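Student: One structure follows; several queries about it will come next.
The values are calculated or read from the model by the stated rules, or taken from the named source; none is laboratory data. This one's a predicted model, so the numbers in the text were calculated from it and none came from an experiment. FYI the Cβ positions are ideal-geometry reconstructions off the backbone, even for glycines, and counts take in every protein chain you see. For the accessible areas, the whole protein counts, side chains as well, though only heavy atoms, and no ligand, DNA or RNA atoms are used. Shrake-Rupley method; radii C 1.70, N 1.55, O 1.52, S 1.80 Å.
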Amino acid sequence: MNRVAGADESYLLAQDLFGWSAPIQYAWVFGSEPELAELERFGEQLAAGSLSRKMIRAVVPFARHRWVRSPHPPLLCVEPNSIADADIGAWADRTLRTADLDPVGGRGWQLVGVRTDSGRFVLSLLISHMVADGQGLYNALAAAHAGSSASTLPLEAEVLARPRWRADTRDALAQLGAAAAAARVIGAELIRTRNDRPPAAKRTPRTIDPATDGPGTTLAIVDVDRARWAERARRFDGTGNTLFTAILGGLVQRSGYPVGPDGLRVCIAVSNREEGDDRANASGGVWIRVPDEISPEAGLREIRALSKAAFTRYATSGQDKLTDNLQPVVRLLPNGVIRKMMRSIAGPDTTVSNLGAAPDSAIEIGGRRAESFAIRAIMQGRDAAERRRQGPAVAAWAVEYDDKLTITFFGIHPDYFGDQAELRGHIAAELDAWGLVGTPW
């Protein structure tokens with residue numbers, strides 16, 4: 001549990017090899033300002049728990065690096081100047097884009113707040129994805145809410161005082177064995193699935209001639225009526241998850257983004273976290289390929305059937321678990337080879353992450369219950385050429401609470417999702433097509 005593994009290691013590789021970083025943002029809008037002492041106590045609780053991590057690099061080749069408790073607990077920062085209520089979304093966007101986190105050095109998260117002119121209060125928790133995933137953050141918030149935050153990680157001094165090479169040697173030998181086993185799984189899975197392709201899609205992709213540079217990434221947050229969302233999902237023979245997938249697929253279609261002959265590729269996030277699991281990241285993903293056009297007229301039955309089959313395969317037969325087995329093999333390769341591999345892996349056309357119903361412990365802070373609550377992540381440091389080369393073109397997250405469902409969007413491909421106004425227009429049109437209305441932040 002204390003080793004850097006799984007998605008932790010993937011984000012570390014992205015940072016070490018390419019200079020990319022992936023900050024997550026949890027954002028709350030309160031009708032009135034919580035007591036400053038309560039906010040500070042909230043920050044202290046987070047600092048005492050699983051989020052405060054620092055990485056100690058292994059001293060033996062092929063061994064995994066190690067997590068220890070961070071000696072640098074962050075402080076709450078409340079900006080001195082208030083903002084207009086109409087600028088809440090822009091403030092949240094700017095705070096996320098300018099996140100300056102150093103998870104390797106033990107500064108993996110920040111807590112920033114701002115008052116609005118009308119007396120409301122906005123709080124932003126920024127955290128490196130290397131340090132936690134969505135469910136891990138929920139667990140940390142629950143512990144902070146209960147006042148029971150406690151880290152299971154060793155102190156840095158404890159690790160440095162021990163003969164590290166012995167433990168690292170044992171881990172390196174174990175990873176060599178894991179690599180051999182993973183290679184067998186990868187080989188068998190590639191053979192089993194090489195002919196498992198859905199029918200070719202009948203699509204005529206729009207083509208463009210992109211410039212060397214392109215626009216930056218785009219962001220949007222919208223609140224949707226939760227009861228209406230559930231009713232629309234039932235109306236089209238689906239679930240909230242499949243409606244979410246359909247809306248993202250519809251955005252891709254509206255943008256004109258060209259998809260491959262096997263249809264739209266969607267990656268759906270899956271939590272693999274178990275009870276008492278204190279790993280930084282414990283998530284994976286299943287892929288579906290939707291061969292047909294997505295629309296309210298077509299309904300949600302196809303996406304629902306494809307999703308159910310994908311989740312079943314992931315849970316039982318191991319299909320779609322290739323990425324889960326790649327890391328033990330990748331760990332043995334030179335950096336130059338890893339760099340080429342990471343750039344050559346095709347990403348999905350879109351990714352969807354549904355965090356489900358947020359617990360009360362994630363909505364209530366310092367004796368105040370948030371009016372609105374959003375979850376999202378971005379990738380910093382990828383230039384336009386990289387974003388053209390590798391998917392996803394657009395990603396989104398959803399969370400339900402009280403009478404709302406809040407969806408956050410991250411437009412990535414510079415030529416199809418690089419225009420902020422166009423993205424927001426497509427979101428409004430797509431929601432309207434399904435009988436929904438979104439209220440932008």
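Student: Quickly work out the Arg162-to-Asp117 label distance, labels modelled 7 Å from Cα along the C-beta direction, and quote it in nm with one decimal.
Tutor: Result for the modelled spin labels: 5.7 nm.
Student: Moving on. Can you compute 3J(HN,Hα) from phi for each residue in region 417-424, using the Karplus curve 6.51 cos²θ - 1.76 cosθ + 1.60 with θ = phi - 60°, rounded to whole Hz and x for Gly and Pro?
Tutor: 9, x, 10, 4, 5, 5, 4, 5
Student: A follow-up question, please. Counting heavy atoms of the protein chains only and a 1.4 Å probe, report the per residue accessible area for region 346-422 as a whole number of Å².
Tutor: Per residue, region 346-422 has an accessible area of 30 Å².
Student: Net charge around Glu38, counting only other residues with Cβ within less than 11 Å of its Cβ (Lys, Arg = +1; Asp, Glu = -1)?
Tutor: Charge balance in the 11 Å sphere: -3.
Student: Which is farthest toward the positive dipole end of region 1-75 among Ala5, Leu75, Trp20, measuring Cα position about the Cα centre, with Cβ charges +1 (Lys, Arg) and -1 (Asp, Glu)?
Tutor: Working it through, the farthest residue towards the positive pole turns out to be Ala5.
Student: Need one value: the accessible area of Arg369 in square angstrom, 1.4 angstrom probe, rounded to the nearest 10.
Tutor: Around 90 Å² of this residue is reachable by solvent.
Student: Per-residue ellipticity at 222 nm for the chain, helices alone: DSSP H runs ≥ 4 residues times -39500 (n - 2.57), over residue total, nearest 500 deg cm²/dmol?
Tutor: -12000 deg cm²/dmol
Student: If you take the square roots of the eigenvalues of the alpha-carbon gyration tensor of region 44-111 and sort them as a ≥ b ≥ c, do you get rounded (a/c under 1.5), prolate (a/b over b/c) or oblate?
Tutor: Judged from the Cα gyration tensor, region 44-111 comes out prolate (a/c at least 1.5, a/b above b/c).
Student: Add +1 for every Lys or Arg and -1 for every Asp or Glu among the other residues with Cβ under 12 Å from the Cβ of Ala395, and state the total.
Tutor: Here the count lands on +1.
Student: Also, I was wondering about something else. With the full set of protein chains in place, find how many percent of the accessible area of the chain is carbon and sulfur; take the probe as 1.4 Å.
Tutor: In the chain, the share of accessible area belonging to carbon and sulfur is 52 percent.
Student: Just to check I understand the Karplus step: with θ = phi - 60° and J = 6.51 cos²θ - 1.76 cosθ + 1.60, what whole-Hz values come out for region 380-390, glycine and proline as x?
Tutor: Per-residue couplings from phi come out as 9, x, 8, 7, 4, 5, 5, 6, 6, 6, 9 Hz.
Student: Here's something else I'd like to know. For the chain, rounded, prolate or oblate, judged on the Cα gyration tensor with a ≥ b ≥ c (square roots of eigenvalues), a/c < 1.5 rounded, else prolate if a/b > b/c?
Tutor: Since a/c reaches 1.5 but b/c is at least a/b, the shape of the chain is classed as oblate.
Student: With a 1.4 Å probe and every protein chain left in place, tell me how much accessible area Phe42 has, in Å² to the nearest 10.
Tutor: Per-residue accessible area (Phe42): approximately 20 Å².
Student: For a test of the definition: using alpha carbon positions, the gyration tensor, and the 1.5 limit on a/c, classify region 29-150 as rounded, prolate or oblate.
Tutor: prolate
Student: If you roll a 1.4 Å probe over the heavy atoms of the protein chains, what accessible area per residue do you get for region 3-138, in Å²?
Tutor: Working: 5060 Å² over 136 residues.
Accessible surface, normalised per residue, equals 37 Å².
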